[in-house]
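For reference, the structure discussed in these notes is given below.
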Amino acid sequence: MDQRVMLLAPDHVSDELGGSYQDACKVLDLEPIPGGYAVYLMDTMNHRTTVIYADTGPVRQAKQNFEGGGDGDLSATLNLGDILDIRIGWPEELGGGPRCQFCRHTDPAWLYEGAEVEVLLGEPLFGVGPPQVIGTDVVGCMDWYACSDCYELIQAADQGSWHRLLDRYGSHDVPMPVQAAWREFWLNHRRPTPAPPPAWTPARRRALANHIRLHWDDWVARYPLDDVVFISEPGTPELAGVNRALAAARAYLDRPPQPGRIRSYPAGLASIVRADGDDWSLIGRTDAHAIILLDDVPDVLHPLKGPRTTSLLHGLKELLPHLTTE
């Protein structure tokens, strides 16, 4: 079983969610409460579940242990009475969007319509180990996502490709229930179609902003901003959105936002600064460029450079020590 645990509280919101505590609660459809939440993301036998706890103590203890040089083991006992909600799947903002259902790649390129399989389990052999698979029952159709590499193996449709597909599961022993479900798909699926892009949401924008800051050099290499021709025609719709976002970011300097909406990360002798608003995100290096993402122009990078941009990034960074969770 794969498990991730996230602390969501007034004093902590993960970088991938970004924004403030109130922003993150809105994204996850939770009511902000003073003590916050512990969000457990569990992946068992290719099924994902989100469990939300009101008790954040075990997560805080593990976090403190990790920051003190320990392994961050989450060994504290969880009280089932503190479970507030159990949800099928993971929130898209925390990696729960479409993924390859064979190797778990987070950017599937193909979509199949295939069998929805119910695996029938019996008692473990000799009463030891996992339950036996005693059969399968096709109960309908469902979407199966595949990355490009798994797609090639599925399309090859030979025994060698089947074994290589099993090898891509991510561990040496593919559970028999998973193999049984995959076998039904292998024998019964329609022609693939290109997977549709995920819907653009404010949380996806913030997740992309976090990805850009994590891989800043790669993004700049892919999109060399020094080669961009910068324009300033006021009638350009995209620029109108950029100007609104810049005005909102500059307003933070006079009216500081909720904690979490501004973040700074060391980058050599410089810093990467990130700021989030209701419908925009700004990411930039204090010694280079900046990029704005807008909700009304999805999947478009809007580059910025110049002394005013540099001054804004430095001003946002200097504001951080004055933001509190009170």
Tally, over the stretch 169-204, of residues that are in a loop (DSSP other than H, G, I, E, B), at pLDDT 90 or above and either β-branched (V, I, T) or over 30 Å from P298 (Cβ atoms) (or both)
0
I need the full set of residues from the stretch 205-244 which are open to solvent by less than 40 Å² (accessible area, probe 1.4 Å), part of a loop (DSSP other than H, G, I, E, B) and either modelled with pLDDT of 85 or more or of a type in the set (A, V, I, L, M) (or both), in order please.
none
Output the residues belonging to the stretch 299-326 that are open to solvent by less than 80 Å² (accessible area, probe 1.4 Å), closer than 27 Å to Q22 by Cα and at pLDDT 90 or above.
L312, L313, H314, G315, L316, L319
For the stretch 265-298, enumerate the residues that are open to solvent by less than 10 Å² (accessible area, probe 1.4 Å) and assigned to a loop (DSSP other than H, G, I, E, B).
G277
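Residue by residue, here is whether (1) assigned to a helix (DSSP H, G or I); (2) within 30 Å of V117 (Cα to Cα); (3) modelled with pLDDT of 80 or more; (4) out of contact with any Phe, Trp or Tyr (no Cβ under 9 Å at 6 or more places or on another chain) holds:
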| residue | (1), (2), (3), (4) |
| --- | --- |
| V59 | yes, no, yes, no |
| G69 | no, no, no, yes |
| S75 | no, no, no, yes |
| G81 | yes, no, no, yes |
| W90 | no, yes, yes, yes |
| E93 | yes, yes, no, yes |
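Just to check your reading of the model, which residue among D43, D29 is assigned to a loop (DSSP other than H, G, I, E, B) and either among the charged types (D, E, K, R) or modelled with pLDDT of 85 or more (or both)? Outline the logic, then answer.
Working: D43 fails: assigned to a loop (DSSP other than H, G, I, E, B).
When all the criteria are applied, what remains is D29.
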Filter the stretch 98-147 down to residues that are modelled with pLDDT of 85 or more, in a strand (DSSP E or B) and not charged (D, E, K, R) and give me whichever is nearest to H189 (Cα to Cα).
G114
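To keep it simple, each residue is scored yes or no on (1) crowded, with 17+ Cβ neighbours inside 10 Å; (2) at pLDDT 90 or above; (3) not in a loop (DSSP other than H, G, I, E, B); (4) not β-branched (V, I, T).
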site	(1), (2), (3), (4)
M6	yes, no, yes, yes
L17	yes, no, no, yes
Q22	no, yes, yes, yes
C25	yes, yes, yes, yes
P34	no, yes, no, yes
A38	yes, yes, yes, yes
I52	yes, yes, yes, no
D55	yes, no, no, yes
Q64	no, no, yes, yes
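Name every residue in the stretch 93-113 that is under 12 Å from the mean Cα position of the chain (by Cα) and open to solvent by 30 Å² or more (accessible area, probe 1.4 Å), in order of residue number. If you could, list the steps in order and put the result at the bottom.
Keep residues of the stretch 93-113 that are under 12 Å from the mean Cα position of the chain (by Cα), which gives 93-99, 106-107.
Answer for the stretch 93-113, where residues must be under 12 Å from the mean Cα position of the chain (by Cα) and open to solvent by 30 Å² or more (accessible area, probe 1.4 Å): E93, G95, P98, T106, D107.
The values are calculated or read from the model by the stated rules, or taken from the named source; none is laboratory data. This structure is a prediction, so every number in the text was calculated from the model and none was measured. Backbone-built Cβ (ideal geometry, glycine too); neighbour counts: all protein chains shown. What goes into the accessible areas is simple: the full protein's heavy atoms, side chains included, and nothing from ligands, DNA or RNA. Shrake-Rupley method; radii C 1.70, N 1.55, O 1.52, S 1.80 Å.
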